[in-house]
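The values are calculated or read from the model by the stated rules, or taken from the named source; none is laboratory data. Keep in mind the model is a prediction, meaning the values are calculated, not measured. Every residue, glycine as well, gets a Cβ built from its backbone with ideal geometry; the counts of neighbours run over all protein chains shown.
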Amino acid sequence: MTKISVVFENNKKWVAEKLAIDENYFKSLAQGQNPEFLYIGCSDSRVTAEDLMGVKPGEVFIHRNLANLVNNVDLNVMSVLNYAVQELKVQHVVVCGHYNCGGIKAAMMPEDKGILNPWLRNIRDVYRLHRDELNAIKDEEKRYNRLVELNVQEQCVNLIKTAAVQKAYQERGLTVHGWVFDIHTGKLIDLKIDFPKILEGIMEIYKLF
């Protein structure tokens, strides 16, 4: 049996298991979604939002890309963000990075990565913004993990710069969260980012409302 065949066999088993518990499971699922969270995470195959958050289908709207970036000129992430915030009316927007992130590690290497270069440059810019703190960390693994955290922080700041998030914050108190998944322990870590302090004295140039 090929790997593709296994996938379809697994799907049949999954359908049967769901219907055995609730014969209307898929009818209910087809009626629509009302997620409270938008989760922006990494595409890493080891990090799945539903599993680590313990949520069911319909509870979280999800976007994943290499190193969980919120790139303001990426129409994909911006479209997902605007749909989730303006149409689905999510109450929480989460950026979740993870330790041992291949995208972060690639950005730390002075190598030509071809088509990845423009994408990784966003992470390298995060390093530039925080180079004094990062260069002071002598242990390479700790520096790498700290860049994971700082990248989450800067992507959250990118969210706060958008009109969709600012408007939803004013209208219904939408909140932005920065998390890291510790792949060594399975634990989610809330970075508890102090956005007012980070944006102190400069938020006025990003304020759209």
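Rundown of residues vs (1) buried (at least 17 other Cβ atoms within 10 Å of the Cβ); (2) among the hydrophobic types (A, V, I, L, M, F, W, C); (3) touching an Asp or Glu at 6+ places or on another chain (Cβ under 7 Å), yes/no style:
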residue: 148; (1), (2), (3): yes, yes, no
residue: 152; (1), (2), (3): yes, yes, no
residue: 172; (1), (2), (3): no, no, no
residue: 180; (1), (2), (3): yes, yes, yes
residue: 189; (1), (2), (3): yes, yes, yes
residue: 202; (1), (2), (3): no, yes, no
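Just to be sure, is residue 137 free of Cβ contacts under 8 Å to residues at least 12 places away in the same chain and surrounded by 12 or more Cβ atoms within 10 Å (Cβ to Cβ)?
Details: free of Cβ contacts under 8 Å to residues at least 12 places away in the same chain: yes; surrounded by 12 or more Cβ atoms within 10 Å (Cβ to Cβ): yes.
Yes, satisfied.
Condition check ((1) within 19 Å of the chain's Cα centre (by Cα); (2) among the basic types (Lys, Arg)) across all residues:
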| site | (1), (2) |
| --- | --- |
| 103 | yes, no |
| 111 | no, no |
| 121 | yes, yes |
| 125 | yes, no |
| 131 | no, yes |
| 135 | no, no |
| 139 | no, no |
| 146 | yes, yes |
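Quick one: in region 109-128, which of the residues that are surrounded by 14 or more Cβ atoms within 10 Å (Cβ to Cβ) and hydrophobic (A, V, I, L, M, F, W, C) is nearest to residue 192 (Cα to Cα)?
If we take residues in region 109-128 being surrounded by 14 or more Cβ atoms within 10 Å (Cβ to Cβ) and hydrophobic (A, V, I, L, M, F, W, C), then 126 is nearest to residue 192 (Cα to Cα).
In region 64-83, is there at least one residue being exposed (fewer than 14 other Cβ atoms within 10 Å of the Cβ) and among the aromatic types (Phe, Trp, Tyr)?
Looking through region 64-83, none of the residues is exposed (fewer than 14 other Cβ atoms within 10 Å of the Cβ) and among the aromatic types (Phe, Trp, Tyr).
For residue 23, indicate whether it is surrounded by 12 or more Cβ atoms within 10 Å (Cβ to Cβ) and either under 26 Å from residue 167 (Cβ atoms) or outside the structural domain of residue 157 (by TED's automatic domain parsing) (or both).
Judged against the criteria, residue 23 is not a match.
In region 180-195, which residues are in a strand (DSSP E or B) and among the charged types (D, E, K, R)? Give the steps one after another, and end with the answer.
Filtering region 180-195 down to residues in a strand (DSSP E or B) leaves 180-182, 187-190.
182, 187, 190, listed by residue number.
Please find, among 73, 6, 85, the residue that is in a helix (DSSP H, G or I), closer than 21 Å to residue 162 by Cβ and among the hydrophobic types (A, V, I, L, M, F, W, C). Give the steps one after another, and end with the answer.
Values: 73 fails: in a helix (DSSP H, G or I); 6 fails: closer than 21 Å to residue 162 by Cβ.
Among 73, 6, 85, only 85 is in a helix (DSSP H, G or I), closer than 21 Å to residue 162 by Cβ and among the hydrophobic types (A, V, I, L, M, F, W, C).
For region 1-35, which residues satisfy the criterion of being more than 30 Å from residue 84 (Cβ to Cβ) and hydroxyl-bearing (Ser, Thr, Tyr)?
2, 5
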